[in-house]
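**Student:** Attaching a single structure in structure tokens format; questions to follow.
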Amino acid sequence: MPVQVIVFGQLTDIMGNNPVMVEHAADTSELIEQLNQRYPALVNKPYIIAVDKQIVTGHTALSGNNTVALLPPFAGG
Amino acid sequence: MITERKPKNIFTQGPIAATFIADSIQKHATKTNIGGHSIFLGQVRADDINGNKVAAIEYTAYEEMALEKMHQIREDIFAKYPLVCMHVHHSLGKIAAGEVCLFVFTSSAHRKAAIDACTEIVERLKAELPIWGKEVFEDESYQWKENK
């Protein structure tokens, strides 16, 4: 199942402002691995992961048609 | 008192005008159970970084997620403090140095709840809402803002 990836803040300098599609990723770790290969500059950048707007940690399964957001440190206010 | 509150939009394109803030204060004149208001205003600061001055901050957000999170913060704050009302407005887009980008306004019967709630909202908002700021310098180069 395809996964849509969106990024914000400083990560847009690496991946741009448009959603990126990844064809197959069983979980978030597999997804990040694929993204790191496509965007080497992403490796070691600080961010947290949200799957369908919920912040997740560890290997989170992707059930299909998820939107995964990579969120660098927040800077509101 | 438990009431169902719907997620409110907190985002405004562009700066928050002083007249908007004044109108917002005026609107509370009819709520005579209020005895104290607390207001926090965030203003874009012209930081000087190695001789390069910040001219503006360009704000972006993961809006849907931010509004859901803000709704949760609002519920928590109303559960914790006896507030009459609370209003939060955050700018998106390019905000010039000196302009207001954040307006938090709490009201209660007595001052302490309004003051404490206002402080807690500002702290939580900065830590928990997915919002980013690009500091644009006078020479049009930029860096990404980090919250202290």
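The values are calculated or read from the model by the stated rules, or taken from the named source; none is laboratory data. All values reported here derive from a predicted model rather than from experimental measurement. Positions of Cβ are backbone-derived with ideal geometry, glycine not excepted, and every protein chain shown enters the neighbour counts. Surface areas here come from the heavy atoms of the whole protein model, side chains and all, with no ligands, DNA or RNA. Shrake-Rupley method; radii C 1.70, N 1.55, O 1.52, S 1.80 Å.
**Student:** Within the range B:73-93, which residues are of a type in the set (D, E, K, R) and surrounded by fewer than 17 Cβ atoms within 10 Å (Cβ to Cβ)? Spell out how you get there, then give the answer.
**Tutor:** First, pick out the residues of the range B:73-93 that are of a type in the set (D, E, K, R): B:74-76, B:80.
Across the range B:73-93, the qualifying residues are B:75, B:76, B:80.
**Student:** So is residue B:96 aliphatic (A, V, I, L, M), open to solvent by less than 20 Å² (accessible area, probe 1.4 Å), more than 9 Å from every other protein chain (Cβ to nearest Cβ) and in contact with a strand residue (DSSP E or B) (Cβ under 6 Å, 6 or more places away or on another chain) or not? Outline the logic, then answer.
**Tutor:** Working: aliphatic (A, V, I, L, M): yes; open to solvent by less than 20 Å² (accessible area, probe 1.4 Å): no; more than 9 Å from every other protein chain (Cβ to nearest Cβ): yes; in contact with a strand residue (DSSP E or B) (Cβ under 6 Å, 6 or more places away or on another chain): yes.
Considered against the rule, which asks whether it is aliphatic (A, V, I, L, M), open to solvent by less than 20 Å² (accessible area, probe 1.4 Å), more than 9 Å from every other protein chain (Cβ to nearest Cβ) and in contact with a strand residue (DSSP E or B) (Cβ under 6 Å, 6 or more places away or on another chain), residue B:96 comes out as no.
**Student:** Can you pull out every residue in the range B:1-59 that is in a helix (DSSP H, G or I) and open to solvent by less than 50 Å² (accessible area, probe 1.4 Å)? Full working, then the answer.
**Tutor:** Let us first name the residues in the range B:1-59 that are in a helix (DSSP H, G or I), namely B:18-30.
Within the range B:1-59, B:21, B:24, B:28 qualify.
**Student:** I would also like to ask the following. Name the residue that is farthest from residue B:51 (Cα to Cα), counting only residues in the range B:124-148 that are of a type in the set (Phe, Trp, Tyr) and open to solvent by 20 Å² or more (accessible area, probe 1.4 Å).
**Tutor:** Only one residue fits best here, namely B:144.
**Student:** Taking the range B:100-148, which residues are within 13 Å of another protein chain (Cβ to nearest Cβ) and over 22 Å from residue B:70 (Cα atoms)?
**Tutor:** Answer for the range B:100-148, where residues must be within 13 Å of another protein chain (Cβ to nearest Cβ) and over 22 Å from residue B:70 (Cα atoms): B:135, B:141, B:142, B:143, B:144.
**Student:** Let me ask something else about it. Does residue B:93 satisfy being free of Cβ contacts under 8 Å to residues at least 24 places away in the same chain and within 24 Å of residue A:10 (Cα to Cα)? Before the answer, list the steps.
**Tutor:** Details: free of Cβ contacts under 8 Å to residues at least 24 places away in the same chain: no; within 24 Å of residue A:10 (Cα to Cα): yes.
Answer is no for this residue.
**Student:** Additional query: From B:64, B:75, which residue is within 12 Å of another protein chain (Cβ to nearest Cβ), within 15 Å of residue B:10 (Cα to Cα), part of a helix (DSSP H, G or I) and of a type in the set (Asp, Glu)? Step through it out loud before you land on a result.
**Tutor:** Numbers: B:75 fails: within 12 Å of another protein chain (Cβ to nearest Cβ).
So the residue among B:64, B:75 that is within 12 Å of another protein chain (Cβ to nearest Cβ), within 15 Å of residue B:10 (Cα to Cα), part of a helix (DSSP H, G or I) and of a type in the set (Asp, Glu) is B:64.
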